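Bear in mind that the values in this text are calculations on the coordinates, not laboratory data. Since this is a predicted model, take the numbers as computed values, not measurements. Please note: Cβ atoms are built from the backbone with ideal geometry, for glycine as well, and neighbour counts cover all protein chains shown.
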Amino acid sequence: MRLTVNANVQSSITLVFNNNPSVGNNGFCPLTNAGTNNVGLDLGTASWLVGDSLACVGFTNGFFIYTVSSAFDVLVSKANSTSPNYRLAAEISAAPPANVFWMVNNVTLNNTGFTNLDAADNYATPVTKTLQVQVSFFVPAQTLHETITFLATAN
């Protein structure tokens, strides 16, 4: 009698968002639910004339445009994989209002497909990303809300 068993081990990568060690300082707001893959980030209330309501938000204004921003860390880990590194991309869930731009590290995101952010990040090493929302002076008062999906793909 003979028993033959075949098995395939599935490789996997995981992505979590963490607070940057500088959290609480200007440009580094705390994430809600940090340490998971489903976090929130409050950028407060902002306007071109007044600035932002949260001290942790980075705020800049220029010629009829202002930007609010906050940084966080992305940590991608792998298991059962020979992949040397990974690609990171992001996509927003809905088209923003006119003259509003959602960006990560100055790369504008869209809702029609993933936008590449990095080509070869190292596993198990935090990568700091800055979320930026750029708003024209001419955008009427409103609540801006967006869901951003990040995608880590093994190289």
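Some observations on this one:
- Pairwise label distance in nanometres, residue 110 with residue 153, each label 7 Å out on the Cα-Cβ vector: 1.6 nm
- Sequence-ordered 3J(HN,Hα) estimates for segment 113-122 from the Karplus curve with 6.51, -1.76 and 1.60 and θ = phi - 60° stand at x, 6, 9, 5, 9, 9, 9, 7, 8, 8 Hz, glycine and proline given as x.
- Relative packing of peptides 136-142, 69-75, 94-100 - highest average C-beta neighbours within 10 Å first: 69-75, 94-100, 136-142
- Under a Gaussian network description of the chain, with springs only between Cα atoms under 10 Å, the residue in 57, 107, 76 that fluctuates furthest is 107.
- Global form of segment 77-126, assessed from the alpha-carbon gyration tensor, a/c cut-off 1.5: prolate
- Amide H contacts of residue 65 (H built 1.01 Å from N, in plane; Pro and chain starts excluded): 137 sit under 5 Å, all sequence-distant by 5 or more or on other chains.
- Couplings for segment 147-153, taken from phi via the Karplus curve 6.51 cos²θ - 1.76 cosθ + 1.60 with θ = phi - 60°, read 9, 10, 9, 9, 10, 9, 10 Hz in order; Gly and Pro are left as x.
- Computed over the chain, relative contact order equals 25 percent, with contacts defined as Cα pairs under 8 Å that lie 6+ residues apart.
- Kirkwood-Stokes translational diffusion coefficient of segment 53-155, alpha-carbon pairs, 25 °C, 0.890 mPa s, µm²/s: 163 µm²/s
- Prolate/oblate/rounded label for segment 1-100 (Cα gyration tensor, a/c 1.5): prolate
- Contact order relative to length of segment 64-151, as percent, for alpha carbon pairs under 8 angstrom and 6 or more apart: 46 percent
- Shown in residue order for segment 13-27 are the 3J(HN,Hα) couplings computed by the Karplus curve 6.51 cos²θ - 1.76 cosθ + 1.60 at θ = phi - 60°: 10, 10, 10, 9, 9, 10, 5, 5, x, 8, 3, x, 7, 4, x Hz (x for Gly and Pro).
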